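A.B. asks: Take a look at this one; I'll ask things after.
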């Protein structure tokens, strides 16, 4: 069985035991194959917008002997996934803005029983800002390192609540950078990007300073 890298393994750890899975942007279908073979998920839909990676995923499913449990499906985001087909939905390996667009484009994402496991490759702050503004609560958040890069995974569900978070929340979310070295590394990457942006707009420097102060960094 193909081993998951730490990024997909962290996504897998957020999936509930017994949940039917939809993996959006599945690529090689490694995640649904792993979760079904391990007995975490009784069934899964491996979905992708492009036919080529979906064909690769279909081969992986067949090689694993899981065609009775995993269906590969061509889908633009969640458009071809029915509300009654999945309990836990993974959207990984995309930019934060695109993930927010996929969730916002689907009416049933406001079903409070559904869990969304989100792994933004870029602009996680935009995704957290969008979730916060649209009634989604972060149930859990963690970070990992894969291929020498640091990534975050967000577990969220619709609650209809909008919390009064401060301006640093999109960069910190529910991470604990003062306690966890990997979380701290992820936040430091935010600070570095903000410092670069500050060369063209000094307002970003103030955000970077506040964020650095929050995690205990000194300039």
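The values are calculated or read from the model by the stated rules, or taken from the named source; none is laboratory data. The structure displayed is predicted, hence computed values, not measured ones. Here the Cβ positions follow ideal geometry from the backbone for every residue, glycine too, while neighbour counts run over all protein chains shown.
A.B. asks: Would you be able to say whether some residue in segment 127-144 is in a loop (DSSP other than H, G, I, E, B), within 14 Å of the chain's Cα centre (by Cα) and modelled with pLDDT of 95 or more?
C.D. replies: First, the residues of segment 127-144 that are in a loop (DSSP other than H, G, I, E, B): 134-135.
Now drop any that are not within 14 Å of the chain's Cα centre (by Cα), which leaves none.
The answer is no; no qualifying residue exists.
A.B. asks: Now, a different point. Go through (1) surrounded by 20 or more Cβ atoms within 10 Å (Cβ to Cβ); (2) more than 11 Å from the chain's Cα centre (by Cα) one by one and return the number of the condition residue 84 breaks.
C.D. replies: (1)
A.B. asks: What about residue 108, is it touching a residue at least 24 places away in the same chain (Cβ under 8 Å), in the same structural domain as residue 81 (by TED's automatic domain parsing) and in contact with a strand residue (DSSP E or B) (Cβ under 8 Å, 6 or more places away or on another chain)?
C.D. replies: No.
A.B. asks: Based on this model, can you work out whether residue 9 counts as under 26 Å from residue 126 (Cβ atoms) and either assigned to a helix (DSSP H, G or I) or touching a helix residue (DSSP H, G or I) at 6+ places or on another chain (Cβ under 6 Å) (or both)?
C.D. replies: Criteria met by residue 9.
A.B. asks: While we're here: So residue 152 fits all but one of (1) assigned by TED's automatic domain parsing to the domain that holds residue 26; (2) within 19 Å of residue 13 (Cβ to Cβ); (3) assigned to a helix (DSSP H, G or I); what number is the exception?
C.D. replies: (3)
A.B. asks: Could you say which residue among 97, 84 is in a helix (DSSP H, G or I), closer than 13 Å to residue 21 by Cα, at pLDDT 95 or above and assigned by TED's automatic domain parsing to the domain that holds residue 45? Outline the logic, then answer.
C.D. replies: Details: 97 fails: closer than 13 Å to residue 21 by Cα.
Every option except 84 fails the conditions.
A.B. asks: Return the only residue of 184, 140 being surrounded by 18 or more Cβ atoms within 10 Å (Cβ to Cβ) and within 30 Å of residue 16 (Cβ to Cβ).
C.D. replies: The conditions single out 184.
A.B. asks: Would you point out which residue out of 49, 70 is in the same structural domain as residue 143 (by TED's automatic domain parsing), over 22 Å from residue 160 (Cα atoms) and out of contact with any helix residue (DSSP H, G or I) (no Cβ under 9 Å at 6 or more places or on another chain)? Quick ask: steps written out before the conclusion?
C.D. replies: Numbers: 70 fails: out of contact with any helix residue (DSSP H, G or I) (no Cβ under 9 Å at 6 or more places or on another chain).
It is 49.
A.B. asks: When residues of segment 59-81 are filtered for being surrounded by fewer than 17 Cβ atoms within 10 Å (Cβ to Cβ) and either part of a helix (DSSP H, G or I) or under 19 Å from the mean Cα position of the chain (by Cα) (or both), how many remain?
C.D. replies: Total meeting the criteria: 5.
A quick yes/no check of all residues on (1) touching a strand residue (DSSP E or B) at 6+ places or on another chain (Cβ under 6 Å); (2) surrounded by fewer than 21 Cβ atoms within 10 Å (Cβ to Cβ); (3) closer than 20 Å to residue 79 by Cβ:
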{"residue": "98", "(1), (2), (3)": "no, yes, yes"}
{"residue": "130", "(1), (2), (3)": "no, yes, yes"}
{"residue": "136", "(1), (2), (3)": "yes, no, yes"}
{"residue": "152", "(1), (2), (3)": "yes, no, no"}
{"residue": "167", "(1), (2), (3)": "no, yes, no"}
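A.B. asks: Identify all residues within segment 180-203 that are free of Cβ contacts under 8 Å to residues at least 24 places away in the same chain and either assigned by TED's automatic domain parsing to the domain that holds residue 123 or under 17 Å from residue 128 (Cβ atoms) (or both); write none if there are none.
C.D. replies: 193, 194
A.B. asks: Restricting the search to segment 185-211, which residues are assigned to a helix (DSSP H, G or I) and out of contact with any helix residue (DSSP H, G or I) (no Cβ under 6 Å at 6 or more places or on another chain)? Outline the logic, then answer.
C.D. replies: Of segment 185-211, the ones assigned to a helix (DSSP H, G or I) are 185-198, 203-211.
Across segment 185-211, the qualifying residues are 185, 186, 188, 189, 192, 193, 196, 203, 206, 209, 210.
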